[in-house]
Structures are given as C-alpha cells and as structure tokens.
Amino acid sequence: MRPKNYIEAYQRTTGPHPDALSRVNILLSRLTLTLYHATVSIMNNGRSGFTIVEMLIVIVIIAILAAITIVAFNAVSARADTTSRLSEMKAWERLYKAYAASYGRYPAYPGSPDGDSTGADMGYCLGTGFPDRDGTGTGNCRDLSGNFYQYNVNSTLNSELRKIGSLPTGIRTSPGADALGPFAKYHTGGNVIIFNIFKGGTTCPSGTGTGYIYPNDAAITCFIDIPEAN
C-alpha cells in the first residue's frame, strides 16, 4: 500500500517514533518536493523562463533547505561530541573502580605516605599528551590561564592505573575556554572526582554533576564523584 505521507513512509522503516533528525529529513523532503512541483508547474505553462516572483520563491526555498541542513548537522555533531566526552569520563571511572577492587583503595596521590589515597585535596591530569604550559616539563590541564587552578600530568599515577588496563585517550577542550580535561581531584574524605570539559552550554549530561561554567557559556566542567573505596 502506498504511504499517505512522509511520516508514514518513515515509520514503515524505523517505527512509529521518528527522532528529531528524522523529522528534519522529512521536512527537507517536503521542501524539496515543493520546489520540484513549482519547477514542473513553470515548465508546464510553456514559458521559457522564471518570473522575478518565482525566482524569489525558489531562492527562499533553497535558503531554507540549506539552513535546516546546517542546523541539523550541528545538532548531531554536538550530541556526538557530548557522548564521546561522557564515555571517556565513564571509562576513567571504571578504571578507578577496578583499581579499588584489586587493591582495596584508589591509586595513591603522588608523594603520599604508605600508598595513602585519602589525605590530600589535590588534582591531576588524566592521561598523557597535555601541553606544557608552565614550562616545568610536564603536561598541564584544567585552567591553563593561571597556575592556581592548573593541574599537572603525573607519570606515577598513570603507571598505577595502567596496572589495571589501558588509559582512555583524548584531550578535551572547548573554543573560547582556555581549559583542558579530563582531570581527577582527590578529596580529603577519600573520594575521587573525575572531571571533563564539555563544549558551550550550562547543562551537564545526565548522570554527572555541574562544575564550573566558563564566561559566555564557552564551556562547562562536568564531574562524576566516585565514593571512597571500601
């Protein structure tokens, strides 16, 4: 049976609930069909050219098609980027929890006595490949505009985590925010907080907490709080 409309045609292949991108594709199809019918109508009238009004209509339809396509592409790209950054945070969370399951504690913060991981309020970059912004020969992360909020890469911490598995890869930043992630902060209560930098906005993904929102909503830090290891 021939479908009655574009939505019905879509539902036959993917189910009754098209997502936002599919609705955009449906609208694009409708606009394209409208442009086609307008062109056919002009040709059937036996004219050799377009009137000014007809040309303006065609231009407007093409502009709408282009705008909708760009908006849809940006939305899909933003969702994919957020998903990737969140997956990376969760990978670090799993690595820390697996370490605690094997050793009864989280990886000790560098320089701590007797492998203690509960006595400092300090932060460290997670992973490798961060730029050396302070000239000390180690990579830096978090806020790169000032040393007070700047964390360093620590080879000891990375080596401890590698005992469990490969380190997640990826250095995350956001245009307009001089910040890099991911990084971890050790709290005196024994918990470890995993942070990452997400592109502009004021809302963190579900399952994470909201940290610092950068000026002009250029970026936002989101975190996962891992409770003290038992």
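Just so it is clear, none of the values below were taken in a lab; they were calculated from the coordinates. Please read all numbers here as calculations on a predicted model, not as lab measurements. Note that each Cβ is placed from the backbone with ideal geometry, even for glycine, and that neighbours are counted across all protein chains shown.
If the chain linking Ala67 and Tyr149 were pulled fully straight, counting 0.36 nm for each residue of separation and taking away their Cα-Cα distance, it would gain 25.5 nm.
Sorting the segments 181-193, 123-135, 198-210, 72-84 by their residues' average number of neighbouring beta-carbon atoms within 10 angstrom, most packed first, yields 181-193, 123-135, 198-210, 72-84.
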